[in-house]
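**Q** My questions will all concern the structure given below.
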Amino acid sequence: MENWWKASEYSVEELQIAIESKQITIPPYQRGCVWKIDQKRNLIDTIKKGYPFGSVLLYEDANRKQQIIDGLQRCSTIFEFVTNPTRFFDEQNIDEHIVNKIVDLMNLNNSEEIKAKIADDISHKLMDWVKQHETMKDVRGMQYYEFAYTICHDYPTLEKKVKDVAELIKPILEEYVTICDFILKVKIPVIILYGSEKNMPEIFERINNTGSRLTKYQIYKAAWSVSNVKITDKRLEKLLDYVCACYDIMVDGNFEIDDYDSTQIHKHKTLNFYDLCFGYGKLLCDQYPQLFGRNESKTKVESVGFALINACLGYRVSEMDQLHTNIYECLKNDATINLFLCKILDTVGEIDKILKVVTSFKGNRRNEKFSGVNHTEMQIVSIIAFAFTQKFVIFTKDNLGEKIISRYFDFTKPSDVWEERRKTFVNNCIKSYVIDCLQERWRGSGDKRLNNIIFNGIYYYKSISWEEFESNLDLWFSSVLSDRREDKKIATPKEAEKIILNIVHANTFRAEDLLSGKDFDIEHLVPKSKVKKMLEKVNRGKKDVEYLKLPISSVGNLCYLPEESNRSKGAKTVYEDTDYLKGRKINDVEERYTFTTETSMKWLLNEDIDAVTLEKEYMKFVKWRWKNMKAKIKDCLFV
């Protein structure tokens with residue numbers, strides 16, 4: 001036999017020493033270190049929790065030198081942690097309740113939003129301070145009083161409370177030192193391969209060609225398959241079809257699926273809990289594509305089914321892996337689970353009606369991909385779960401108000417709190433939605449923000465005045481004007497522009513526009529081709545750095561126009577297109593679509609316009625039109 005192997009193990013410290021001493025190397029056919037930081041953090045978290053994380057395959061030659069055949073990403077991540085552990089220190093290592101206690105020490109009378117910003121600032125300062133300690137020796141020598149002095153210096157109201165701050169910070173830092181020491185002692189399972197080195201590339205190829213990284217949903221599918229739910233409500237029977245459609249495609253391959261029979265599933269109407277969440281996501285996307293996106297594939301996992309159920313139960317995103325057991329602890333039986341899922345659907349329908357003014361795409365309906373959602377999944381889940389938990393769930397928290405210790409569900413009627421504050425929610429939910437989208441507050445995973453919104457129960461009740469709303473509109477509009485400088489390549493309309501156009505046109509579109517089946521395009525009032533030619537002319541002979549560029553894709557230059565007018569108009573403005581104006585009153589076009597006057601666009605007729613004048617006139621036009629658009633927004637949302 002040319003090759004043979006034996007099982008062994010390395011401690012993390014032994015692995016570090018072997019790599020540093022070149023006892024362990026990587027062969028030339030390895031693909032290198034390709035993991036992203038999130039993948040690395042996930043491995044460290046797995047090791048920290050004591051979960052198995054796979055073995056490492058090493059080849060040992062006659063000189064007892066070893067090469068990593070499989071497990072390079074894991075080995076390099078572990079080595080990186082040992083040599084620079086604080087690179088993996090992030091917000092997950094910071095107890096937000098402790099940070100909130102530090103804020104409480106300040107005795108502030110400010111709003112909850114300002115306190116939250118201060119808490120975020122302290123968390124970021126703590127992360128930055130910890131990351132200054134690069135080596136394991138540095139980590140063990142961290143002095144929490146040093147950080148306490150730093151924070152108390154930055155926030156004068158804490159000046160005489162250094163000891164209190166230090167005592168609060170102490171457990172966070174001590175826990176991280178404990179984690180680091182624990183990981184150093186962890187044993188890594190190793191398989192050591194001996195024999196002919198010429199076979200190593202083939203072994204490497206075979207290992208890496210046949211495997212792929214499991215998604216968390218594939219893991220859920222394996223872990224949750226033992227929990228079964230009987231579908232007892234007709235509104236949920238569609239879930240059976242979605243699940244069978246997925247399995248039917250899988251059966252089309254070379255393998256059969258154990259115990260799968262579509263007729264039996266429809267007969268007994270029973271799904272394991274993973275399949276129930278899978279089908280629920282499909283149902284949400286089919287019924288409310290404007291909220292969740294379109295159901296693109298029969299086998300694709302729509303994550304919103306899992307996220308929304310978990311959030312409506314009042315659990316954190318990090319607790320989703322226990323959703324299959326948590327739901328039974330909360331709801332006890334199949335009938336209540338069915339009722340729970342139907343009440344979520346009712347709440348989704350209610351939110352859909354509230355947000356329809358911003359989520360219903362009035363643009364080109366010929367291209368379904370263009371009519372995608374304008375928000376993140378976690379943002380819309382936060383709105384629905386907030387309303388649902390306010391209506392049907394009572395949370396009992398511990399004495400410190402930091403943890404939920406019990407959940408009580410009452411589906412007989414919405415709570416008194418919800419009935420009293422529902423109107424406030426309706427009035428401010430859509431305004432919060434718009435501001436969050438414009439400011440991109442849900443950029444990234446949004447996990448922590450979702451947790452805070454559901455747990456605290458105040459976010460979507462906060463009143464938003466026109467002055468505050470207008471300030472956010474102007475801030476966003478100004479940033480677009482300064483950031484987008486375009487001449488040859490023009491940006492396509494982004495989610496924020498679509499949201500603004502939907503609101504602006506909400507009261508100007510008539511029934512005939514919405515019901516006639518017309519197609520609409522997002523159109524540039526100052527045509528792209530026309531302004532490109534003007535820019536080319538004024539920039540001729542200049543260096544690239546001297547080029548005049550304009551925010552051509554600014555929402556101040558955008559509107560919805562019926563498709564036929566857009567196709568005939570081409571490079572002409574609406575005032576120059578005589579074919580379009582036949583049978584149409586220009587006043588009607590201005591009122592319903594453009595919000596312009598012929599005078600406001602006369603500068604486009606100046607063939608000898610210079611760069612200075614062109615910039616001045618264009619910016620004057622989009623700012624003037626933005627003012628008109630804001631008036632439409634105010635009429636729609638604040639009257």
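**Q** Which residues, taken from segment 385-405, are under 17 Å from Trp418 (Cα atoms) and in contact (Cβ under 8 Å) with a residue 40 or more places away in the chain?
**A** Ala385, Phe386, Ala387, Phe388, Thr389, Gln390, Lys391, Phe392, Val393, Phe395
**Q** Counting just the residues of segment 5-34 that are surrounded by 14 or more Cβ atoms within 10 Å (Cβ to Cβ) and at pLDDT below 65, which one comes out nearest to the chain's Cα centre (by Cα)?
**A** Cys33
**Q** Identify the residue in segment 484-497 that is open to solvent by less than 20 Å² (accessible area, probe 1.4 Å) and either among the basic types (Lys, Arg) or within 23 Å of the chain's Cα centre (by Cα) (or both) and, among all such residues, is nearest to His375 (Cα to Cα).
**A** If we take residues in segment 484-497 being open to solvent by less than 20 Å² (accessible area, probe 1.4 Å) and either among the basic types (Lys, Arg) or within 23 Å of the chain's Cα centre (by Cα) (or both), then Ala496 is nearest to His375 (Cα to Cα).
**Q** Do we find a residue being touching a helix residue (DSSP H, G or I) at 6+ places or on another chain (Cβ under 8 Å), at pLDDT 95 or above, surrounded by 15 or more Cβ atoms within 10 Å (Cβ to Cβ) and in a helix (DSSP H, G or I) anywhere in segment 391-408?
**A** Yes, there is a match, as at least one residue in segment 391-408 is touching a helix residue (DSSP H, G or I) at 6+ places or on another chain (Cβ under 8 Å), at pLDDT 95 or above, surrounded by 15 or more Cβ atoms within 10 Å (Cβ to Cβ) and in a helix (DSSP H, G or I).
**Q** Next question, about the same structure. Restricted to segment 499-539, and to residues that are of a type in the set (S, T, N, Q) and at pLDDT 85 or above, which residue is nearest to Cys559 (Cα to Cα)?
**A** Across segment 499-539, the extreme among qualifying residues is Asn502.
**Q** Taking segment 106-116 on its own, how many of its residues are aliphatic (A, V, I, L, M) and open to solvent by 70 Å² or more (accessible area, probe 1.4 Å)?
**A** 1
**Q** Let me ask another. Tell me the residue from Val434, Val417 that is loosely packed, with under 15 Cβ neighbours inside 10 Å and assigned to a helix (DSSP H, G or I), please.
**A** It is Val417.
**Q** So which residues in segment 471-482 are touching a residue at least 40 places away in the same chain (Cβ under 8 Å) and either under 24 Å from the mean Cα position of the chain (by Cα) or over 23 Å from Ile522 (Cα atoms) (or both), if there are any at all?
**A** Result: Leu473, Phe477, Val480.
**Q** Where in segment 243-313 are there helices (runs of 4 or more DSSP H), lying fully within it, with 1 or more residues that are in contact with a strand residue (DSSP E or B) (Cβ under 9 Å, 6 or more places away or on another chain) and modelled with pLDDT of 90 or more?
**A** Those helices (runs of 4 or more DSSP H) span 262-268, 273-287, 304-312.
**Q** Another question, then. Assess whether Ser463 counts as being in a strand (DSSP E or B) and at negative phi.
**A** no
**Q** For residues in segment 607-624 being under 38 Å from the mean Cα position of the chain (by Cα) and under 14 Å from Pro551 (Cα atoms), which is surrounded by the fewest Cβ atoms within 10 Å (Cβ to Cβ)?
**A** Looking at the filtered set, the residue picked out is Lys620.
**Q** Still on this structure, I have one more. For residues in segment 86-105 being at pLDDT 85 or above and open to solvent by less than 10 Å² (accessible area, probe 1.4 Å), which is nearest to Lys36 (Cα to Cα)?
**A** Val99
**Q** If you don't mind, there's one more thing I want to ask. Does Lys216 fit the bill of being among the charged types (D, E, K, R), surrounded by fewer than 16 Cβ atoms within 10 Å (Cβ to Cβ), modelled with pLDDT of 85 or more and under 30 Å from Asp334 (Cβ atoms)?
**A** no
**Q** Mind telling me which of the residues Ile609, Ile552, Ile633 ends up being assigned to a helix (DSSP H, G or I) and at pLDDT 85 or above?
**A** Only one candidate passes the filter, namely Ile633.
**Q** Condition (residue is part of a helix (DSSP H, G or I), basic (Lys, Arg) and within 14 Å of the chain's Cα centre (by Cα)) applied to segment 437-447: is it met by at least one residue?
**A** no
**Q** Filtering segment 229-247 down to residues that are under 21 Å from Val301 (Cβ atoms) and touching a residue at least 40 places away in the same chain (Cβ under 8 Å), which residue is surrounded by the fewest Cβ atoms within 10 Å (Cβ to Cβ)?
**A** Ala245
**Q** If we keep just the residues of segment 521-549 that are β-branched (Val, Ile, Thr) and not in a helix (DSSP H, G or I), which is surrounded by the most Cβ atoms within 10 Å (Cβ to Cβ)?
**A** Val526
**Q** Could you tell me how many of the residues in segment 314-340 are assigned to a loop (DSSP other than H, G, I, E, B) and either in contact with a strand residue (DSSP E or B) (Cβ under 8 Å, 6 or more places away or on another chain) or more than 19 Å from Ile453 (Cβ to Cβ) (or both)?
**A** 3
**Q** State the number of residues belonging to segment 35-50 that are open to solvent by 40 Å² or more (accessible area, probe 1.4 Å) and at pLDDT 80 or above.
**A** 10
Every residue, every condition in (1) within 26 Å of Val357 (Cα to Cα); (2) acidic (Asp, Glu); (3) buried (at least 23 other Cβ atoms within 10 Å of the Cβ), yes or no:
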| position | (1), (2), (3) |
| --- | --- |
| Asp261 | no, yes, no |
| Gly281 | yes, no, yes |
| Tyr288 | yes, no, no |
| Phe292 | yes, no, yes |
| Asn310 | no, no, yes |
| Tyr315 | no, no, no |
| His324 | no, no, no |
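**Q** Could you check segment 132-150 and list, in sequence order, the residues that are loosely packed, with under 15 Cβ neighbours inside 10 Å and part of a loop (DSSP other than H, G, I, E, B)?
**A** Residues satisfying the conditions are Gln132, Glu134, Thr135, Gly141, Gln143.
**Q** Check off (1) within 38 Å of the chain's Cα centre (by Cα); (2) surrounded by 14 or more Cβ atoms within 10 Å (Cβ to Cβ) for Lys627 and give me the number that stays unchecked.
**A** Failed condition: (2).
The values are calculated or read from the model by the stated rules, or taken from the named source; none is laboratory data. Every value quoted in this text rests on a predicted model; they were computed, and no experiment measured them. Every residue, glycine as well, gets a Cβ built from its backbone with ideal geometry; the counts of neighbours run over all protein chains shown. Side chains are part of the model used for accessible areas, which takes the heavy atoms of the whole protein and leaves out ligands, DNA and RNA. Shrake-Rupley method; radii C 1.70, N 1.55, O 1.52, S 1.80 Å.
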